[in-house]
Amino acid sequence: MQMNARFARAAIVASIVGGVVVTVYLVASRFVLAHDAPLHGLLVVMQWDASNQFGDAAYQGGWPMAGIGWLMDCVVSLVWATVFAVLYVRVPYVRRRALFCGLLFGVFVMIVMIYGIVPLGHARRAPNTLMFIINTGLAHTVFFGLPVAWTVRMLL
């Protein structure tokens, strides 16, 4: 297989794996922390993604709006997975320490998303509590950055 095709495959699969794993984590954490039923938790997580574009109206749009949020989430995951794959291909240290770099990458993604991307949109901002920081940190590092790095490493 040609390198461009391998690279594209790795980025796409990594974005799917990272997106699914982080979403499962976010839904599970809503179940544990907020006693939210899993299906409702999934709805709210995906509506929150859509709310960055549509504001509070996203929470009134039911599953169709959640579907738009899911599509938006897929695009964001693909961009981030592609960034990691580029780093993996171009930076020898990232190849040697892919999983460690995946964790660091997750921290970077979290900082950019929380303090750069989300404030540009209309999504509700969570309170900056210790629980929020821990939960968001785990979501972005262990449940997004690490799966993306592992998948890229396995496929490239």
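The values are calculated or read from the model by the stated rules, or taken from the named source; none is laboratory data. Remember, it's a predicted structure, so these values are computed and weren't measured experimentally. Positions of Cβ are backbone-derived with ideal geometry, glycine not excepted, and every protein chain shown enters the neighbour counts.
Annotation: of all residues in segment 17-59 being surrounded by fewer than 17 Cβ atoms within 10 Å (Cβ to Cβ) and among the β-branched types (Val, Ile, Thr), the one that is nearest to Ile134 (Cα to Cα) is Val32. Any residue at all in segment 63-78 that is part of a loop (DSSP other than H, G, I, E, B) and modelled with pLDDT of 95 or more? Scanning segment 63-78, I find no residue that is part of a loop (DSSP other than H, G, I, E, B) and modelled with pLDDT of 95 or more, so the answer is no. Kindly evaluate Val152 against the criterion of being in a helix (DSSP H, G or I), surrounded by 17 or more Cβ atoms within 10 Å (Cβ to Cβ) and free of Cβ contacts under 8 Å to residues at least 60 places away in the same chain. It is false that Val152 is in a helix (DSSP H, G or I), surrounded by 17 or more Cβ atoms within 10 Å (Cβ to Cβ) and free of Cβ contacts under 8 Å to residues at least 60 places away in the same chain. Just to be sure before I move on: is Pro127 outside any helix (DSSP H, G or I), over 18 Å from Val22 (Cβ atoms), out of contact with any Cys (no Cβ under 8 Å at 6 or more places or on another chain) and modelled with pLDDT under 95 in the structure I sent? Spelling it out, Pro127 is indeed outside any helix (DSSP H, G or I), over 18 Å from Val22 (Cβ atoms), out of contact with any Cys (no Cβ under 8 Å at 6 or more places or on another chain) and modelled with pLDDT under 95. Taking segment 96-116 as the range and being in contact (Cβ under 8 Å) with a residue 40 or more places away in the chain and under 17 Å from the mean Cα position of the chain (by Cα) as the test, the residues that pass are Leu99, Cys101, Gly102, Leu103, Leu104, Phe105, Gly106. Cβ separations smaller than 6 Å between residues 6+ apart or across chains give the following pairs from segment 20-35 residues that are more than 17 Å from Gln47 (Cβ to Cβ) to residues that are surrounded by 13 or more Cβ atoms within 10 Å (Cβ to Cβ): Val21/Phe143; Val21/Pro147; Tyr25/Ala139; Tyr25/Phe143.
The set of residues from segment 1-19 being under 17 Å from Leu71 (Cα atoms) and either free of Cβ contacts under 8 Å to residues at least 40 places away in the same chain or not in a helix (DSSP H, G or I) (or both) is empty.
Criterion applied to Met65, Met46, Met72 was being hydrophobic (A, V, I, L, M, F, W, C), over 23 Å from Phe105 (Cβ atoms) and within 12 Å of the chain's Cα centre (by Cα), and the one residue passing it is Met46.
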